[in-house]
């Protein structure tokens, strides 16, 4: 007897009429037209069944704090960092936990079941770290939350930066982070990359580095990150986030850089909503788009994912935890409007992001966790176009969220007509 059988589903790889059988929280079979006894049978009616959405880059310690203590009027990255510095002395563990838990509820309702969140380690109190470790514990039954030790003020620039980061790792933070472009000099930035990668190698931890979040074409810490990854044998364990300076680099240098990144096994996370908002602020016209070279990285064989990065915080006043919105912006900014390009953007918020986070048991295959989302769309392209309704969300075989199907009723020339948004 199966616990759950989802029938007549479309899958992101294009297969239709598929059935997914679940027992004991795991997928036991994926096959067309499967018919077997089950405690619950769901007819997907041709709608898209996808593995859960994954956000490979987020800042949960700052989320939902918009307007505290003021709004970022310039919209720049540097004012956002300054504003976060003003907010930190006002933080309380209870308020931070409350906001983070509220966001996790938003995430699950949107089929987002795995998040990698950077958490600021700059304050000696480590209040954000301890608060998010508590959030991680509480949301564990329904959401995978990875934490990155992130020295927002610079691991070398801030007094005690390295010691604070090590203490965060000792408390149980999962990943070593950094921000080399915010160190005082380019040389200090490169030194921080080397130092932090050596620390990760020593402790057997992954690395996720804020890298070159700048319009400066000479900010080239991604090159150092790729080199250190190879030198220390960290291939497959390292990610470079943002990499926006690559948008401004000359093509000759990038032709050298792309194979270096690919050969090192470093993945890249772009953050379309935030990159397009924060970058290019010093330009008049023409204005640079700011996002890294996603199509070129993919063509070079680099694993590229998209992150949400911010939701209603000092850097960004919008957002709702919807990874389809992230993919939608990503395909526009990267001009990935072909059918394969759009599907690649869907992968960037699902399977590619899962690879960045090294999620075990992720996917739609026998032996994987029975965690998936039923979307009111026929395929991945339509899901992004419509930012499709999440009809049902399962976590290891348990239904954790559901939303009624959306049907609009239009009146045209006095004639009522039902319109199913999933087929528009």
Alpha carbon Rg of the stretch 75-228, scaled by the compact-globule rule 2.2 N^0.38 Å: 1.05
Label point distance in nm, residue 70-residue 28, each placed 7 Å from Cα along Cα→Cβ: 6.2 nm
Net lengthening on full extension, residue 170/residue 332 (0.36 nm per residue, minus Cα-Cα): 54.2 nm
Degrees separating the helix 127-139 axis from the principal Cα axis of the chain, which is the longest one: 20 degrees
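If we sort 59-70, 359-370 on the protection proxy, mean other Cβ atoms within 10 Å, highest first, what's the order?
Ranked by mean Cβ neighbours within 10 Å, highest first: 59-70, 359-370.
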Gyration tensor verdict on the chain (Cα atoms; rounded if a/c is under 1.5, prolate if a/b is larger than b/c, oblate otherwise): prolate
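Given the peptides 342-349, 131-138, arrange them by the average over their residues of other C-beta atoms within 10 Å, most packed first. All intermediate terms of the calculation are to be shown ahead of the outcome.
Working: 342-349: 24.5, 131-138: 19.1.
Highest to lowest by the protection proxy: 342-349, 131-138.
Normalised by the residues of the stretch 341-401, what does the relative contact order come to in percent, with Cα pairs under 8 Å and at least six apart? Present the calculation step by step, with values, prior to reporting the outcome.
Working: 69 pairs, mean separation 17.1, N = 61.
Value for the stretch 341-401: 28 percent.
So, R0 is 41 Å and r is the distance between the beta-carbons of residue 87 and residue 39; what FRET efficiency does that work out to, to 0.05? Don't skip to the end; give the middle numbers.
Working: r = 48 Å, r/R0 = 1.18.
My answer for the efficiency is 0.25.
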Order of 384, 97 - criterion: other Cβ atoms within 10 Å of each residue's Cβ, fewest first: 97, 384
Mean shadow area of the stretch 22-128 over all directions, Cα convex hull, nm²: 10.6 nm²
Principal-axis tilt of helix 339-348 within the chain, Cα atoms, nearest 10 degrees: 70 degrees
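Can you tell me the convex hull volume per residue for the stretch 168-268, based on C-alpha atoms, in Å³ to the nearest whole number? Mind dumping the intermediate values first?
Values: hull volume 8.7 nm³, N = 101.
So the per-residue hull volume is 86 Å³.
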The chain: angle of helix 323-333 to the longest principal axis, Cα-based, in degrees nearest 10: 70 degrees
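Before anything else, pin down the relative contact order of the chain: Cα pairs under 8 Å, at least 6 apart, normalised by residue count, whole percent. Mind dumping the intermediate values first?
Numbers: 987 pairs, mean separation 78.1, N = 424.
In percent, rounded to a whole number, it is 18.
State whether the stretch 242-359 is rounded, prolate or oblate according to the following rule on the C-alpha gyration tensor (a ≥ b ≥ c being the square roots of its eigenvalues): a/c under 1.5 gives rounded; otherwise a/b larger than b/c gives prolate, and the remaining case gives oblate. If you can, show how the numbers build up before the last one.
Numbers: a/c = 1.58, a/b = 1.08, b/c = 1.46.
Cα axes put the stretch 242-359 in the oblate bin.
Any read-out appearing in this document is the output of simple, stated calculations on the displayed coordinates, not a laboratory observation. Quick caveat, the model's predicted, so the values are computed rather than measured. Because the Cβ atoms are built from the backbone with ideal geometry, glycine has one as well, and the counts that use them run over all protein chains shown.
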